[in-house]
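To start, the structure itself, in structure tokens.
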Amino acid sequence: MKRTRHTLLWLQTLVAMLLLVCTTLALAATPALSPDEAAVDARLKAISRELRCLVCQNETLADSNAKLAQNLRREVRKLIADGHSDSEVISFLTERYGDFVRYRPPFKPLTWLLWLGPFALLGCGALMLGHIVQRQKQQDAPPPDAATAARINALLAQQNKDTLA
Amino acid sequence: MKKQWIWALPLAVFVVMVGFFAASLDKDPRELPSQRLDKPAPAFTLPLLENPQASFSPAQMHGQVWLLNVWASWCAACRSEHALIGQLAKQVPVVGLNQQDEAGAARAWLAELGNPYLATPTDDDGRVSIDYGVYGVPETFVIDKQGVIRYRHLGPVTEQSINDVLLPLIRKLQA
């Protein structure tokens with residue numbers, strides 16, 4: 001009985017020490033960033049969220065762990081650190097991989113349909129709606145003449161009397 | 001009677017969309033057109049796998065048609081295409097760009113499967129591959145006598161792609 005309690009204590013101490021070592025290692029593994037590096041990092045994050053990883057095409061460059069994505073992030077970081085603008089970084093990539101790397105395709109003749117298509121469809125819908133409304137208005141029956149109106153009123157009055165009775 | 005055609009409009013739109021989708025069915029969405037096509041092959045100087053003191057650069061190939069085959073020992077598809085690359089190497093010089101590999105593993109791989117390459121520059125950090133727009137390994141570039149990229153084959157070459165595309169193009173460029 002006493003012996004097992006002893007081992008338990010030992011185990012607990014061991015686990016505590018291990019955890020302490022792990023935490024220290026983890027802290028040591030993440031070096032503090034200088035303000036410059038933090039700024040580069042923030043821009044890298046912002047840009048790579050706009051870019052597609054070419055290996056796993058539905059992931060952004062920021063999210064992907066593919067080897068190519070790691071390489072590209074490294075190159076982008078280098079370009080940013082060298083003082084290149086965002087558009088220069090993006091053209092570095094489109095030069096090599098085409099517009100497909102961008103999640104937001106540029107507005108140019110080839111992509112006019114892509115950008116304007118939804119609005120064109122919306123316009124078509126509005127035109128068709130207007131057309132249908134117009135036609136229904138025309139199909140509405142013309143107002144009755146005086147004699148017919150009098151007869152209608154008489155019939156309605158009669159009906160009212162019947163239901164009340 | 002009037003404007004009956006308007007009801008055919010949605011049907012027409014539907015037919016056009018079906019046409020688009022049907023045409024895309026056969027296409028591999030992973031296959032992106034190379035941006036480097038018909039442009040000069042990017043220059044580089046990289047150490048050789050067999051002899052890191054020596055180096056290779058595309059300028060050395062000026063005046064001849066050649067292939068740049070991007071490979072790595074960790075790439076399974078490279079193993080499957082290797083025999084075919086060997087066949088191609090009998091017709092045209094092939095340079096093997098060894099991408100992000102361990103030198104020991106890469107040398108062992110060539111010793112095991114045979115070395116068809118005229119030279120094997122090592123792209124340790126993948127920087128040159130990025131310049132060539134490589135996003136999958138293997139990829140094979142056909143480069144003409146003037147050093148212009150004329151074709152890029154994505155993925156492992158097949159007997160069909162060699163006979164139908166690569167060899168006819170190489171012969172045409174060599175003529």
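Only the coordinates and a few stated rules stand behind these numbers; no lab work does. Being a predicted model, the structure only gives us computed values, none of them experimental. Neighbour counts run over all protein chains shown; Cβ positions are idealised from the backbone, glycine included.
Could you identify which residue out of A:Arg102, A:Arg77, A:Arg151 has the top mean-square fluctuation in a GNM of chain A using Cα springs shorter than 10 Å? Top of the fluctuation ranking is A:Arg151. Enumerate the helices in chain B for which the Kyte-Doolittle hydropathy averages -0.5 or more and the C-alpha atoms extend at least 24 Å along the helix's axis, using complete DSSP H runs. Counting only whole DSSP H runs, the qualifying helices are B:8-25.
Placing one identical point scatterer on every Cα of the stretch A:36-104 and ignoring solvent, what is log10 I(q)/I(0) from the Debye formula at q = 0.15, 0.25 Å⁻¹? Each listed q corresponds, in turn, to -0.40, -1.14. In bins 5 Å wide, starting from 0, what share of all Cα pairs of the stretch A:67-149 does each bin hold, as a percent? Binned Cα distances yield the sequence 3, 11, 12, 12, 8, 7, 7, 6, 5, 5, 5, 4, 4, 3, 2, 2, 2, 1, 0. For the stretch A:75-136 versus the stretch B:122-160, the spacing of their alpha-carbon centroids is 29 Å.
Projected onto its three principal axes, the C-alpha set of the stretch A:51-90 covers 29, 16, 12 Å, listed from the longest axis down. The value for chain B of Rg(Cα) / (2.2 N^0.38 Å) is 1.34. The modelled label-to-label distance between B:Lys172 and A:His84, using points 7 Å beyond Cα along the C-beta direction, is 3.4 nm. The C-alpha atoms of chain A define a longest principal axis, and helix A:112-139 lies at about 20 degrees to it. Neighbouring Cβ atoms from other chains, within 10 Å of the Cβ of residues in A:96-108, number 3 on average. Please find the FRET efficiency linking B:Ala103 to B:Phe21, where r is the Cβ-Cβ separation and R0 is fixed at 56 Å, and quote it to the nearest 0.05. My answer for the efficiency is 0.75. Take the Cβ atoms of A:Thr148 and A:Leu116, set R0 to 35 Å, and the FRET efficiency comes out at 0.10.
Spin-label model, A:Arg135 to B:Ser55: label points 7 Å out along the Cα-to-beta-carbon direction sit 7.4 nm apart.
Among A:Thr60, A:Thr94, A:Thr148, the largest mean-square fluctuation in a Gaussian network model of chain A, built with springs joining Cα atoms closer than 10 Å, belongs to A:Thr148. Per residue of peptide A:63-74, the mean number of Cβ atoms on other chains within 10 Å of the residue Cβ is 3. Across peptide B:126-136, the average count of Cβ atoms from other chains found within 10 Å of a residue's Cβ is 5. Diffusion coefficient of the protein assembly as shown by Stokes-Einstein, Kirkwood radius over Cα pairs, 4 °C, 1.567 mPa s: 49 µm²/s. Relative protection proxy for A:68-76, B:38-46, from highest mean packing down: A:68-76, B:38-46 (other beta-carbon atoms within 10 angstrom). Scaling the Cα radius of gyration of the stretch B:65-163 by the globular reference 2.2 N^0.38 Å produces a ratio of 0.98.
The equivalent ellipsoid of chain A has semi-axes of 72, 37, 13 Å, largest first, where each one is the square root of 5 times an eigenvalue of the Cα gyration tensor.
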